[in-house]
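Step one of this worksheet: look at the structure below.
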Amino acid sequence: LMRESYINEKDVGFKQINPTPRPVVIVGGRGQLGGLFNQMLTLSGYRVELLDQQDWDRAEEIVSEAQLVIVSVPIAVTEEVIKRLPKLPDDCILADLTSIKQKPLQAMLDTHSGPVVGLHPMFGPDVGSLAKQLVVVCNGRDADNYQWLLEQIKIWGARIVDAQAKQHDDAMQLVQAMRHFSTFVYGYNLYKENANLDTLLQFSSPIYRLELAMVGRLFAQDAKLYADIIFAQEHSHDAIADYLKRYQEALTLLNSGDRQGFIDTFDEVAQWFGDFAGQFQRESRNMLKSANDSRQ
Ligand code: NAD
């Protein structure tokens with residue numbers, strides 16, 4: 001019900017937290033995530049202007065009155081694009097939506113002396129609504145001056161979580177780089193094994209169907225985005241190499257027929273998960289139930 005009310009709001013518009021005629025500029029606003037923010041800001045009454053690849057000759061004019069500049073360009077060019085920005089009004093907020101936070105945040109602080117905030121929307125452009133979605137916020141400078149932007153994002157239904165940029169990037173190595181990489185390998189393996197997806201689906205329980213869906217959906221998206229997320233993280237290969245090491249350890253148990261070793265390791269991990277294991281079981285039971293109910 002909550003989701004529906006937000007979806008309806010998307011048709012009629014949202015409350016505008018900071019009514020001012022000064023524009024919001026989205027650098028890379030013709031892209032996927034920039035496009036979503038353009039839509040949400042426009043629906044909230046803001047005047048949005050775009051600064052994309054072909055607009056740099058007008059850049060000074062475009063940002064001259066800006067109250068907020070949001071950078072949403074591919075990770076690989078983010079720092080260079082931030083450095084290339086013309087001088088912004090002193091009170092203008094400079095923000096970015098990049099999936100990594102330390103380097104873009106530092107670049108923004110170096111470039112602009114006014115309010116700075118790093119945002120990482122933990123969702124893609126295909127979400128129907130921002131209800132209950134998460135946005136990670138890394139403070140750069142002058143938090144009081146960009147509070148209205150966070151309030152606006154909350155009006156769209158999203159939750160805000162504060163983090164240090166380093167803490168965010170470290171967590172993302174596991175939450176994103178390693179996870180997407182292992183999902184990629186899972187899909188790559190299905191392809192190499194020439195698995196028959198129709199047959200797999202016929203024999204699949206709801207939980208396997210959900211797992212396949214999580215793998216398959218990766219390949220409906222842009223390879224470059226995932227390449228950037230995985231390759232941009234300096235230490236992501238450490239996290240991925242660690243994962244491979246664990247995989248090999250587990251494979252050794254299997255190869256040597258060490259069933260008891262497997263059970264002992266399983267119990268150790270279960271201990272470590274503690275109360276979360278039960279919580280995750282209950283949560284996933286509900287997810288599986290609704291996934292099964294909404295199956296097309
Ligand atoms: P995208 O490729 O769809 O859009 C990028 C836009 O930037 C394009 O319009 C492109 O023309 C423009 N651009 C490229 N170089 C430029 C330049 N030099 N100057 C101005 N504009 C330039 O990418 P996206 O998926 O929207 O991702 C944008 C940012 O959002 C990335 O930093 C990404 O990490 C972050 N992000 C994306 C997602 C997602 O699921 N798409 C989720 C969270 C965060």
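The values are calculated or read from the model by the stated rules, or taken from the named source; none is laboratory data. Quick caveat: nothing in here was measured; it's all calculated off a predicted structure. Note that each Cβ is placed from the backbone with ideal geometry, even for glycine, and that neighbours are counted across all protein chains shown. Just so you know, the surface numbers come from the protein's heavy atoms only, side chains and all, with ligands and any DNA or RNA stripped out. Shrake-Rupley method; radii C 1.70, N 1.55, O 1.52, S 1.80 Å.
Values as computed for the structure displayed
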quantity	calculated
Reference-scaled alpha-carbon Rg (2.2 N^0.38 Å with N residues) for the stretch 101-207	1.47
Computed Rg/Rh of the stretch 162-220, alpha carbon atoms with Kirkwood Rh	1.14
√(5λ) per eigenvalue of the Cα gyration tensor, the chain, largest first, Å	40, 23, 19
Rounded percent of accessible protein surface that carbon and sulfur make up, the chain, 1.4 Å probe	54 percent
Listed pairs 132/289; 101/154; 166/192; 87/166; 83/224 exceeding 31 Å between Cα atoms	166/192
Charge dipole (the chain, unit charges on Cβ, about Cα centre) - positive-most of 181, 149, 133	133
Overall dimensions of the stretch 70-153 as given by Cα atoms, namely Rg and Dmax in Å	12.7, 36
For the stretch 216-279, the Rg and Dmax computed from alpha carbons only, in angstrom	16.6, 43
Using alpha carbons only: equivalent-ellipsoid semi-axes of the stretch 49-104, gyration tensor based, whole Å	18, 14, 9
Bridge type composition, the chain - antiparallel percent by DSSP, nearest 5	25 percent
Size of the stretch 9-133 as Cα extents on the principal axes (Å, biggest first)	37, 30, 27
Per residue accessible area of the chain, 1.4 Å probe, in Å²	60 Å²
Projected area averaged over orientations for the stretch 118-267, convex hull of C-alpha atoms, nm²	12.3 nm²
Rg over Rh, two decimals, the stretch 18-65 (C-alpha only, Kirkwood Rh)	0.97
